[in-house]
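Bear in mind these aren't lab numbers, they're just calculated from the coordinates by the rules spelled out. Everything numeric in this text was worked out from a predicted model, so none of it was measured. Neighbour counts are summed over all protein chains in view; Cβ atoms, including those assigned to glycine, are modelled from backbone coordinates with ideal geometry.
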Amino acid sequence: RAPGPGLQRGIHTIHRPPSASPAALVGPRPALTQEQLEGVITASTFVLDQPRCTFKDYGNAVIWLVVALDKDASTFNNSAEPGTPETAFQSFPDPVRAYMTLNATLGSYPCPKPAGDITVLRVGSETSCAQDVMRPTCNGPLPGPGPYR
């Protein structure tokens, strides 16, 4: 399927320093990878470039990817905590309007990128946790065609 306009713009990435609240929305927004890969967009996944060099000024930040339907992105509550009913993948897109997944630390995205590193994130690739409410930060298959932001 062709990417919708929201998918082309990417989705919000946030970071949450251990002592800060609420989380900061950090730009630029992630973008679909330009790497020559199979399945950059499928019915339930898409592939983004990793946010290399985006968080270099945030010290020991914990980084989360926030996935929302384009129409609901503006309603994301950046004081919401990951792993809670308010941000659980299993309740997306109704009643949860945005879920948090693929957490990482700054060390996961070194700047500059070391040669040979994998530099993409596949959103929607975990099928084993899609129905597991004990894994609210699951990177489960996307429930529909989007567009996502």
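In this structure, Asn77 and Gln131 have a Cβ-Cβ separation that, at R0 = 22 Å, corresponds to a calculated FRET efficiency of about 0.35.
List Glu35, Glu86 from most exposed to least, where exposure is judged by having the fewest other Cβ atoms within 10 Å. List each step's numbers first, then the result.
Numbers: Glu35 11, Glu86 18.
Least to most surrounded, the residues fall as Glu35, Glu86.
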